[in-house]
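Inspection log for the structure reproduced underneath, given as structure tokens.
The values are calculated or read from the model by the stated rules, or taken from the named source; none is laboratory data. Worth saying up front: this structure is predicted, and the values here are computed from it rather than measured. We place every Cβ from the backbone using ideal geometry, glycine too, and count neighbours over all the protein chains shown.
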Amino acid sequence: MGNAKNITFVYSFRYLDGEIKELTLELDNKTLSFINEENTQEPWAKLENKKCPNCTLDPQENKYCPIANNLSKIIEIFTNSNSAEQVEVTLRSEARNYTKETSLQSGLSSLIGIIMVSSGCPILDKLRPLVRYHLPMANLDETRFRVISMYLLAQYYRKENGLKPDWKLSGLKEIYAEIGIANKFFCDRLATMENEDSSVNAVTILNCFANYIPFSLTENLLSNMDSSYKIFLQE
């Protein structure tokens with residue numbers, strides 16, 4: 001499954017008529033950066049096209065949006081697909097395999113999620129640590145647990161490195177507010193293409209997750225998880 005030094009995810013989409021579309025994603029094992037040997041020249045992928053208002057990339061140094069550049073080939077593959085079509089999605093990785101019958105857009109949301117956080121976007125990069133332990137087609141509760149756990153571990157590392165930790169999760173809410181903006185404008189970018197339905201819907205699913213997390217950080221929703229941690233609340 002690719003170079004031993006890289007992390008490899010192989011996504012297969014089996015349609016009802018037997019057609020199979022398979023894509024291999026490779027990430028640098030150390031930096032978790034997406035490895036892409038093909039750069040796009042498509043106008044819709046240019047950084048200045050529907051550029052996110054919170055993007056900090058310099059257009060002089062970045063002609064193309066890094067996420068758009070890395071998604072271009074995948075979007076081309078699924079351009080004429082029906083996003084609501086039922087498919088069998090299989091993810092193969094070195095650790096394990098997953099298989100689920102679901103809609104194409106649901107399967108694509110998992111695949112696109114890997115690329116969006118590993119492409120060098122200054123907004124989405126804050127979720128990059130999650131990709132090493134990628135969980136395909138995760139539900140909202142799984143996503144909430146993984147994101148909060150990742151963020152709290154990051155605060156531990158900040159404290160160990162002499163930086164101020166954010167144990168109240170205030171920064172996580174800000175991160176997801178920024179991600180919500182980026183996802184919206186990326187959907188607007190995709191809308192400048194033709195037949196982009198399946199890819200737009202996949203990003204829309206990711207945006208639903210981004211919008212969900214800040215609400216899940218309220219005191220009541222966090223307290224719903226307390227019962228699982230009673231063993232740690234004893235002297």
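Would you pick out the residues in region 138-157 that are surrounded by fewer than 14 Cβ atoms within 10 Å (Cβ to Cβ) and part of a helix (DSSP H, G or I)? Even if it seems obvious, please write down each step before you answer.
Narrowing region 138-157 to residues surrounded by fewer than 14 Cβ atoms within 10 Å (Cβ to Cβ): 139-142, 149, 153, 156-157.
Answer for region 138-157, where residues must be surrounded by fewer than 14 Cβ atoms within 10 Å (Cβ to Cβ) and part of a helix (DSSP H, G or I): Leu140, Asp141, Glu142, Ser149, Leu153, Tyr156, Tyr157.
Just so you know, in region 1-28 the residues that are among the polar types (S, T, N, Q) and at pLDDT below 95 include one that is farthest from Ser118 (Cα to Cα), and it is Asn3. Would you confirm whether any residue within region 93-101 is surrounded by 15 or more Cβ atoms within 10 Å (Cβ to Cβ) and of a type in the set (A, V, I, L, M)? Among the residues of region 93-101, not one is surrounded by 15 or more Cβ atoms within 10 Å (Cβ to Cβ) and of a type in the set (A, V, I, L, M), which makes the answer no.
Considering only residues in region 89-137 that are within 11 Å of the chain's Cα centre (by Cα), part of a loop (DSSP other than H, G, I, E, B) and of a type in the set (Gly, Ala, Ser), the one that is nearest to Pro59 (Cα to Cα) turns out to be Ser119.
Considered as a group, the residues in region 34-53 that are buried (at least 18 other Cβ atoms within 10 Å of the Cβ) and in contact with a strand residue (DSSP E or B) (Cβ under 8 Å, 6 or more places away or on another chain) include one that is modelled with the lowest pLDDT, and that residue is Thr40. Look at Asp188 and say whether it is farther than 28 Å from Ser81 by Cα and of a type in the set (Asp, Glu). For Asp188, the condition - farther than 28 Å from Ser81 by Cα and of a type in the set (Asp, Glu) - is not met. In region 171-184, the residues that are basic (Lys, Arg) form Cβ pairs under 9 Å with partners that are at pLDDT 90 or above, at six or more places apart or across chains, as follows: Lys184/Cys52.
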